[in-house]
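Worksheet: the structure to be examined is printed underneath.
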Amino acid sequence: MAFLIPSHRSRPADDPIFALNTEARARAQAGESVINATVGSLLDDEGRLATLPGVVEAIRATPAAVGAGYAPIAGSPAFLRAVTADLLGDRPESKWVASVATPGGTGALRHAVANFLEPKQTLLTTSFYWGPYKTLADENDRELAVFRMFDHRGRLDTSVLRVALEKQLRSERRALLFLNSPCHNPTGYSFDASEWREIRTTIEELSTIGPITVCLDIAYARFGAQPLVGSAAQGIAPLAVMLDEMLALVPKALVLFAWSASKSFLQYGIRVGALLAVHPDDDERRRIQSALTYSCRGIWSNVNAGGMDAIARVLSDSALSAKVDEERSGSVDLLGRRVARWNELAPQRGLKYPRYDGGFFVTVFADDAFGAAERLKAAGVFVVPQAGALRIAVCSVAERDVARLVDEIAKATAS
């Protein structure tokens with residue numbers, strides 16, 4: 001007798017990335033020389049999980065009664081104010097925010113899917129995307145559609161985005177678009193200023209057809225470097241470039257931000273994130289706030305109270321915030337050295353990959369990606385295969401191992 005509903009009976013028991021990580025760690029523990037470039041956690045060059053001491057200090061200083069107590073359903077007001085200030089600063093749009101705390105950025109993305117699409121409607125994103133986007137859509141009885149991410153020049157294909165977005169609007173009368181930049185997961189690509197401007201123009205022009213919600217997944221943004229190709233914004237932080245263009249969409253489109261402490265503060269386990277929605281109309285913003293709060297109650301009830309307290313203090317205490325910023329800068333430099341080494345060696349071995357300015361991941365194009373991944377595993381190198389490409393978590397690879405990583409990928413993809 002089958003008790004599971006039919007649509008859930010064949011679901012996999014484990015996420016494929018975590019399964020690969022488990023296999024890689026087991027082989028390393030057995031004494032094998034392994035490069036594990038699977039899971040998106042920043043490790044130092046000795047293989048230890050990188051942390052920011054100021055954040056750890058704030059977590060340890062959280063009063064026991066705060067950590068043990070229930071948080072408000074929508075999240076603690078101090079935390080939500082601090083996140084809004086962290087993202088928007090003193091921009092006028094900071095007064096137009098509806099927000100809720102979520103368990104990591106994943107919770108924020110879940111709320112976007114569930115509240116801005118009807119069941120059976122379709123989430124739109126780039127052809128290379130973080131695998132759980134599909135899981136979130138499926139779990140919420142929504143579909144997933146993609147548009148080709150790169151054109152023949154290796155740039156974001158905004159012309160194909162326009163076609164896909166218009167098709168979505170005309171068929172379903174609304175659209176939800178997920179964009180992941182700076183430091184796109186899985187390609188490492190960061191949109192430059194001209195690409196953001198083209199996205200803005202496309203959304204503005206198509207907004208007359210129906211409501212467009214654009215959800216900006218900014219989990220990796222603090223590790224980004226501003227691309228200079230096609231950009232007149234040299235020297236400006238990539239997050240600021242994105243904000244300038246995307247906030248200009250309001251109120252023609254609803255702009256959401258999926259904010260996460262997991263990467264920005266190197267605290268994956270406390271599961272603290274937020275969804276921010278920017279809209280200038282008071283009544284519409286109240287309706288959005290109510291819907292998001294209702295979803296919180298119906299899915300997880302409330303978010304880690306101690307984690308919110310700690311992150312709020314990190315963001316709000318000027319001395320502690322400066323300390324953490326300096327510590328994060330060291331982590332950005334650590335990752336940057338690996339990125340530079342990759343960009344030095346990978347072209348020499350003929351690897352084809354998108355522009356990679358910074359971030360946890362890079363993607364190597366490969367016709368036989370799944371076969372190449374198996375050949376790499378045999379050589380003790382673990383990466384994540386997907387259709388037409390290999391996702392490489394440079395964040396977890398020591399700088400001294402980048403040369404071996406590049407060499408093995410070149411050999412595996414040439415077979």
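The values are calculated or read from the model by the stated rules, or taken from the named source; none is laboratory data. Quick caveat, the model's predicted, so the values are computed rather than measured. Cβ sites come from the backbone with ideal geometry, for glycine too, and all protein chains shown count toward neighbours. Side chains included, ligands, DNA and RNA excluded: accessible areas come from the protein's heavy atoms. Shrake-Rupley method; radii C 1.70, N 1.55, O 1.52, S 1.80 Å.
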#### Entry: Most mobile listed residue (Leu80, Leu109, Leu88) in the chain, GNM with C-alpha springs under 10 Å
Leu88
### Task
Counting only C-alpha contacts under 8 Å and six or more residues apart, can you give the relative contact order of region 73-150 as a whole percent?
25 percent
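By its C-alpha gyration tensor, with a ≥ b ≥ c as the square roots of the eigenvalues, how is region 1-79 shaped: rounded for a/c under 1.5, else prolate for a/b larger than b/c, else oblate? Intermediate values should be presented prior to the final figure.
Numbers: a/c = 3.10, a/b = 1.14, b/c = 2.72.
It is oblate, given that a/c is not under 1.5 and a/b is not larger than b/c.
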### Message
Restricting to Cα pairs below 8 Å that are 6+ residues apart, what does the relative contact order work out to for region 256-415? Please round to a whole percent.
### Response
17 percent
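Please give me the summed charge of the neighbours of Pro280: other residues whose Cβ is under 10 Å from its Cβ, Lys and Arg +1, Asp and Glu -1. Intermediate values should be presented prior to the final figure.
Details: positive: Lys95, Arg285; negative: Glu93, Asp281, Asp282, Glu284.
Residues near Pro280 contribute -2 overall.
Which helices count as membrane-span-like in the chain under these terms: full DSSP H, at least 30 Å along the axis by C-alpha, Kyte-Doolittle mean of -1.0 or more? Write out the running numbers ahead of the final one.
On the way: long enough: 318-345 (40 Å, -0.52).
Sorted by number, the helices that extend far enough and score high enough are 318-345.
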### Message
If I ignore ligands, DNA and RNA and count only protein heavy atoms, how much of Met246 is accessible to a 1.4 Å probe, in Å² to the nearest 10?
### Response
0 Å²
## Note on the structure
A student applying the Cα gyration tensor rule (rounded when a/c is under 1.5; otherwise prolate if a/b is larger than b/c, oblate if not) would label region 30-136 oblate
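Whole number in Å², please: accessible area per residue of the chain, 1.4 Å probe, ligands, DNA and RNA not counted.
On the way: 17720 Å² over 415 residues.
For the chain, the solvent-accessible area averages 43 Å² per residue.
Which percent, nearest 5, of DSSP beta bridges in the chain are antiparallel?
Details: 22 of 42 bridges.
Among the beta bridges of the chain, antiparallel pairing accounts for roughly 50 percent.
How many percent of the accessible area of region 232-337 is carbon or sulfur, using a 1.4 Å probe? Before the final figure, lay out each step's value.
On the way: 2090 of 4250 Å².
In region 232-337, the share of accessible area belonging to carbon and sulfur is 49 percent.
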### Query
Spin-label point model (7 Å from Cα, Cβ direction): what's the Ser33 to Asp325 distance in nm?
4.3 nm
### Query
To the nearest Å, what is the center-to-center distance of region 362-415 and region 234-300, using C-alpha atoms only?
34 Å
### Message
Quick check: from the Cα gyration tensor, does the chain come out rounded (a/c under 1.5), prolate or oblate?
### Response
rounded
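Can you give the calculated 222 nm mean residue ellipticity of the chain, where each DSSP H run of n ≥ 4 adds -39,500 (n - 2.57) and the sum is split over every residue, rounded to the nearest 500 deg cm²/dmol?
On the way: 15 runs with 183 residues, N = 415.
Counting only the DSSP helices, I get -13500 deg cm²/dmol.
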